[in-house]
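Written below as structure tokens is the structure these notes are about.
Only the coordinates and a few stated rules stand behind these numbers; no lab work does. No experiment lies behind these values; they were computed from the predicted model shown. Positions of Cβ are backbone-derived with ideal geometry, glycine not excepted, and every protein chain shown enters the neighbour counts.
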Amino acid sequence: MNIGILGGTFDPVHIGHLIIAEEVRFCLKLDQVLFIPAGQPWLKTNRVISEARHRAAMIRLAIASNPYFKLSTLEIDRPGPSYMVDTIRTLQVQLGSDGRFFLVTGWDSLNELPLWKEPNKIVSMCQLVAVPRLNHPKPDLESLDSTIPGLARNTIMLDILTVGISSSEIRMRVAQGASIRYLVPQQVEKYIVENGLYC
């Protein structure tokens, strides 16, 4: 089974996340894409993050209509900082030899991979799939490979549709009382309003 892994804070999940997941699923013929919200994202300790239950609930609403998408609460169920290497290890144990993993990262995240916990181990455990991010430079795979040997041959650079939507922009718009219609699924917009998020 070929499984895509899309991790992130998802505060909130938005249309851009869904488009990336579907494009990658379709292009690589994946059997499933796991949305994995971070519990305590170690790279984002400088800002307040919505409670994990809210972020997970919004993902659940956003992906309900796509049978290929699934929410995984591995990272929010695990105490302490969220590290992708630990998540992949757990998935390997759960799925055994039946699972082949494709870790989806934006160009910005791939450039930061040397800062992650055990990046060499991540590269050995899964296929990396790099997707474009607006206003971020294309990663230099040769340079990254000199730091993380094997990264270049184990990375798929996927040229897919890029949507310039960010969670931070959505939070800012909600705080300003601006519309977020069509930036997030309708049910997610309703959830944000009903729970008073980002006000």
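Residue 188 is checked against (1) aliphatic (A, V, I, L, M); (2) surrounded by fewer than 20 Cβ atoms within 10 Å (Cβ to Cβ); (3) under 19 Å from the mean Cα position of the chain (by Cα) and fails just one. What number does that condition carry?
(2)
Determine if the range 73-87 includes at least one residue that is assigned to a strand (DSSP E or B) and touching a residue at least 24 places away in the same chain (Cβ under 8 Å).
Restricting attention to the range 73-87, the residues satisfying the condition of being assigned to a strand (DSSP E or B) are 82.
This time we only want the ones that are touching a residue at least 24 places away in the same chain (Cβ under 8 Å), so: 82.
Within the range 73-87, one or more residues are assigned to a strand (DSSP E or B) and touching a residue at least 24 places away in the same chain (Cβ under 8 Å).
Failed condition for residue 126, given (1) crowded, with 19+ Cβ neighbours inside 10 Å; (2) over 18 Å from residue 36 (Cβ atoms), with all others met?
Condition (2) is where residue 126 drops out.
Take the range 57-80 and flag every residue that is polar (S, T, N, Q) and surrounded by 20 or more Cβ atoms within 10 Å (Cβ to Cβ).
72, the sole residue that qualifies.
With respect to residue 50, is the statement that it is touching a Pro at 6+ places or on another chain (Cβ under 9 Å) and under 15 Å from residue 9 (Cβ atoms) true?
Yes; evaluated as a whole, the condition is true for this residue.
Name the residues in the range 76-118 that are under 15 Å from the mean Cα position of the chain (by Cα) and of a type in the set (Val, Ile, Thr), would you?
76, 85, 87, 88, 104, 105
Name the single residue, out of those in the range 1-55 being crowded, with 16+ Cβ neighbours inside 10 Å, out of contact with any His (no Cβ under 9 Å at 6 or more places or on another chain) and of a type in the set (D, E, K, R), that is nearest to residue 79 (Cα to Cα).
Here the answer is 55.
Condition first: loosely packed, with under 13 Cβ neighbours inside 10 Å, within 15 Å of the chain's Cα centre (by Cα), assigned to a helix (DSSP H, G or I) and of a type in the set (Ser, Thr, Tyr). Can you find one or more residues in the range 155-174 that meet it?
There is at least one residue in the range 155-174 that is loosely packed, with under 13 Cβ neighbours inside 10 Å, within 15 Å of the chain's Cα centre (by Cα), assigned to a helix (DSSP H, G or I) and of a type in the set (Ser, Thr, Tyr).
Within the range 139-157, is even one residue without any contact (Cβ under 8 Å) to a residue 24 or more places away in the chain and among the hydrophobic types (A, V, I, L, M, F, W, C)?
Yes, the range 139-157 contains at least one residue that is without any contact (Cβ under 8 Å) to a residue 24 or more places away in the chain and among the hydrophobic types (A, V, I, L, M, F, W, C).
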